[in-house]
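Quick one: this structure, given as structure tokens, is what I'll be asking you about.
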Amino acid sequence: MRVLIIPPEEFVPQRNHFLGIFQYHQACILQNAGYEVGVLSVTQAYSIPMLAKSFLFKLTGKETGNNTDDLSLKQLLALANNKLFHQDKYIVEEKVGDINVFRVEGFYYMAPSDYTNSYGWIKAGLAAFKKYVAKYGMPDVVHAHNAMYSGMLANAIKNIYKVPYVITEHSTWHARGLIKDRRLHNLMHRAYLKSHGAYAVSKPFCELLATKFSGAKFNYFPNVLDPFLEAYKYQTIEKDAGSDFVFLNIAELHPKKNHKLLINAFAALKKQSKYAHAKLWLAGSGSEYDAIKAQIENLQLQNDVIMHGLLSRQKILESIQQADSIVLSSDYETFGVVLIEGMLFGKPVIATKCGGPESFVNDKCGILIETGSETQLTDAMASQIDNSTSYDATVIRNYALEQFGAASFLKKIKEIYPN
């Protein structure tokens, strides 16, 4: 079967291998199982208002302050002509591992906005699809990740080429109320309704989407474990009595991840002398870096809260193995992949009821708490230290493999893809 995947963001580009990583994991599993997998990766750059402004500024000898300043007037006109009439010039094919990827840089046309972006995104995606088909043939199914804009592109492909598609929804935009434009909402709604199947990565998320898109049915289809981690030789690591108890948080440093809550809860834990050996590791980068660093310093936790920055997959693996518990303090999550990665290595977890973890965190593998509750988070951390021997690492690992391993994923895929 030939499967074409359309991610909502760039597909593991050289500058950031974590973009599109969930789709990459799925693509690798499909490819290894004998599926023929391709990917369309769409980005956008420039708009008519931007190029018009740059043209006028060049005529008057002014600088626009963007990357068109280095272009001559002739080059600027050529750029506008190519963007408007020669989309093929911005399509490149490359391999990411064994996956054939068609990358296309689309045009915004109008000034960027959530709704108007869709036109250029879909037009660029259709051009890349035509190139893909010319070389590899028509796919049997398109697997779009998120209705905006991947599902909308999949719907356009179906309308023209009659190729069926499924949508897996991951985006936190829905829970955060960020879909403001009714026209955009309607385009997404149509994409769900016209799909062969619409899926979401957690059960609460399915319920939320059903309330927002009437008539559309959403089924639970969880994320999958990184095959690199699943293939890694598993062994338990024995720790000396009295050694540090390490809580590990791996997340973008973004307000929705609520690191402020986590650090305050950890500070409250450290006020109890019996938990003096507790440590908190933060892995990730993002806009909240300076605020988090300042909070740690203000609470005088520099020796107990370690900011590791953005880690490679190998370093993530090593950090998970060295940690005693994985903790997620987010206000919004559609799933929580880091939790199942920790569970794969037998680690108990702590997670907020933020829209995703409720689907799979239970008493045997961890603790669920209410979002925003500092007291509950402190108590959960204390409980996991006090009852660390009550968790069975093998049971936790087996549960993660059964629910989110490659074999489970492939079984579900056979059920959702059209025959």
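What percent does the relative contact order of region 232-403 come to when contacts are Cα pairs within less than 8 Å and at least six residues apart?
Working: 287 pairs, mean separation 40.8, N = 172.
Reported relative contact order: 24 percent.
Using the Cα atoms of the chain to build a convex hull, what is its mean projected area in square nanometres? The partial results should precede the final answer.
Working: hull surface 88.6 nm².
One quarter of the hull surface, i.e. the mean projection, equals 22.2 nm².
Now for a different question. Fewest to most neighbouring Cβ within 10 Å: what's the order for ASP304, ASP244, ASP379, ASP363? Before the final figure, lay out the partial values.
Numbers: ASP304 20, ASP244 13, ASP379 16, ASP363 9.
The most exposed by this proxy come first: ASP363, ASP244, ASP379, ASP304.
Mind checking the full-extension length gain between ASN303 and ALA210? Use 0.36 nm per residue of separation minus the Cα-Cα distance, one decimal, nm.
On the way: separation 93, 0.36 × 93 = 33.48 nm, distance 4.62 nm.
28.9 nm is the gain from fully extending ASN303 to ALA210.
Here is a follow-up. In nanometres, what is the gap between the two model label sites at GLU94 and HIS17, each 7 Å from Cα along Cα-to-Cβ?
For GLU94 paired with HIS17, the spin-label model returns 1.3 nm.
Moving on to the next point. If you line up the long axis of helix 152-161 against the longest principal axis of the chain, both from Cα atoms, how many degrees apart are they, to the nearest 10?
50
Right, next: As an exercise, take the mean of 1/r over every pair of distinct alpha carbons in region 232-403, invert it, and state the Kirkwood radius in angstroms.
Values: mean 1/r = 0.0628 Å⁻¹.
So the Kirkwood estimate lands at 15.9 Å.
Of all the C-alpha pairs in region 22-138, what % are more than 17 Å from each other?
On the way: 4202 of 6786 pairs.
Distances greater than 17 Å cover 62 percent of the Cα pairs.
Hey, which of these cross-link pairs are over 21 Å Cα-Cα: LYS260/LYS293; LYS180/LYS212; LYS217/LYS414; LYS95/LYS315; LYS256/LYS315; LYS203/LYS364?
Values: LYS260/LYS293 10 Å; LYS180/LYS212 12 Å; LYS217/LYS414 19 Å; LYS95/LYS315 24 Å; LYS256/LYS315 24 Å; LYS203/LYS364 19 Å.
Exceeds cut-off: LYS95/LYS315; LYS256/LYS315.
Sticking with this one: With both partners inside the chain, how many of the DSSP beta bridges are antiparallel, as a percent to the nearest 5? Walk me through the intermediate numbers first.
Numbers: 6 of 51 bridges.
Antiparallel bridges: around 10 percent, rounded to the nearest 5.
While we're looking at this one, here's another question. GLU297: net charge of surrounding residues, Cβ under 14 Å, Lys/Arg +1, Asp/Glu -1, itself excluded?
Working: positive: LYS260, LYS293; negative: ASP290, ASP304.
With Lys, Arg at +1 and Asp, Glu at -1, the net is 0.
Given a cut-off of under 8 Å on Cα pairs at least six residues apart, what relative contact order in percent is computed for the chain?
Details: 738 pairs, mean separation 54.6, N = 419.
Dividing the mean separation by the residue count of the chain yields 13 percent.
At q = 0.16, 0.18, 0.20 Å⁻¹, what log₁₀ I(q)/I(0) does a Debye calculation on the Cα points of region 343-419 give, no solvent, two decimals?
Log10 I(q)/I(0), no solvent term: -0.66, -0.78, -0.89.
When a footprinting reagent is the concern and you count Cβ atoms within 10 Å, what order do CYS354, CYS28 take, fewest first?
Working: CYS354 27, CYS28 20.
Final ranking by Cβ density, sparse to dense: CYS28, CYS354.
What does the net charge come to around VAL3 if you take all other residues with beta carbon closer than 13 Å to its beta carbon, with K and R at +1 and D and E at -1? Spell out each step's value before the answer.
Details: positive: ARG2, LYS414; negative: GLU36, ASP140.
Once positives and negatives cancel, what remains is 0.
If you don't mind, there's one more thing I want to ask. Using a Förster distance of 30 Å, how high is the FRET efficiency between LYS274 and SER312, based on the Cβ-Cβ distance and rounded to 0.05?
Working: r = 35 Å, r/R0 = 1.17.
The calculated FRET efficiency here is 0.30.
Based on other C-beta atoms within 10 Å, arrange ASP69, ASP324 from fewest to most.
ASP69, ASP324
Only Cα pairs under 8 Å and at least 6 apart count here; give the relative contact order of region 9-113 as a rounded whole percent. It would help to have the intermediate numbers written out before the result.
Working: 123 pairs, mean separation 36.9, N = 105.
Normalised by residue count, the contact order of region 9-113 is 35 percent.
Once region 2-221 is represented by equal point scatterers at the alpha-carbon sites, with solvent omitted, what log10 I(q)/I(0) does the Debye formula produce at q = 0.14, 0.18 Å⁻¹?
Treating every Cα as an identical point scatterer, log10 I(q)/I(0) equals -0.89, -1.30.
A short reminder: the numbers here are calculations on the coordinates, not readings from a lab. A quick note: this is a predicted structure, and the numbers were derived from the prediction, not measured. All Cβ positions, glycine included, derive from the backbone under ideal geometry; neighbour counts span all protein chains shown.
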